[in-house]
Amino acid sequence: MTIKDANKESMTLEGYDLLVEEFKFLIEVEKPKTAEEKLIAAAHGDRSENADYHAAKEKLRFIDKRLYYLNAMIQNSQIIDPALHSHDRVSFGSTVKISNIDTDEEEVYTLCGVLESEPENGLISVHSPIAKGMIGKGVDDEFKIQLPLIVKEYEILEIKYINIFSLKQNIRTQKDFCFH
């Protein structure tokens, strides 16, 4: 399995559902609540010096920008269930153990969508240079990554599937969807 459409943003069903959940929360809860706050603040008089009015207005602007972004991501999403695919070659959803050929240091990465990535936890976007270098490769294959000053060479030691969301440590909740 490879990334099918360069214009689409690959993600798991769990990642897609989280996007939709945030979109619905913002449009059904957060935006109406903030619009009400703006109306209440506007009723207090002079808007030019009304901090609550300006804060609510700014918050609405942030919500609208986030809704626009989420809508674009939802519209351009390509849902992939990596559990349904063989991981004999590196692809979306693969967890890959690699070895730096020069240092023999081992690293483990899981390839996921940009919105699901947590590089600090080994979840890297399929758009990252190291992921691009690995995609399509098999065990014992070597690949190179061009960095600004050097070229790093790696060997693929192992490829397996582990559910991306079981590896995530920073899953957003409704509390995270709010603008404070």
message: For region 9-79, I need the span (max minus min coordinate) of the C-alpha atoms along each principal axis, in Å, sorted largest to smallest.
response: 49, 17, 13
- prompt: Which of the lysines could a cross-linker bridge to Lys57, judged by Cα under 16 Å and excluding same-chain residues fewer than eight apart?
  reply: Lys31, Lys33, Lys38, Lys65
- prompt: Using Cα pairs under 8 angstrom and six or more residues apart, how large is the relative contact order of region 9-79, in percent?
  reply: 54
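Take the residue pairs Lys137/Lys160; Lys8/Lys132; Lys8/Lys59; Lys8/Lys97; Lys8/Lys144 and return only those whose Cα atoms are more than 21 Å apart.
Lys8/Lys59; Lys8/Lys97; Lys8/Lys144
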field: In range of the label at Val139: residues from region 151-170 whose backbone nitrogen is under 15 Å from the point 7 Å along Cα→Cβ
entry: 155-162
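Quote the Stokes-Einstein diffusion coefficient, in whole µm² s⁻¹, for the chain, based on the Kirkwood radius over alpha carbon pairs, a temperature of 20 °C and a viscosity of 1.002 mPa s.
It diffuses with D of about 115 µm²/s by this estimate.
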query: For Gly133, what charge total do you get from the other residues with a beta carbon under 11 Å from its beta carbon, if Lys and Arg give +1 and Asp and Glu give -1?
result: +1
query: Length gain on complete extension for the stretch Ser48 to Ala35, per 0.36 nm per residue less the alpha carbon to alpha carbon distance?
result: 2.9 nm
query: Measuring from centroid to centroid over Cα atoms, what is the spacing of region 136-180 and region 112-129 in Å?
result: 5
message: Rounded to the nearest 5, what % of DSSP beta bridges with both residues in region 1-137 are antiparallel?
response: 50
- prompt: Where does region 82-167 land on Rg/Rh, using Cα atoms and the Kirkwood Rh?
  reply: 0.95
- prompt: Amide H neighbours of Ser125 under 5 Å, counting only residues 5+ apart in sequence or on other chains, H built in-plane at 1.01 Å?
  reply: Cys112
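Every read-out reported here was derived from the displayed coordinates using simple, explicitly stated rules and does not represent laboratory data. All values derive from a computational prediction rather than experimental measurement. Please note: Cβ atoms are built from the backbone with ideal geometry, for glycine as well, and neighbour counts cover all protein chains shown.
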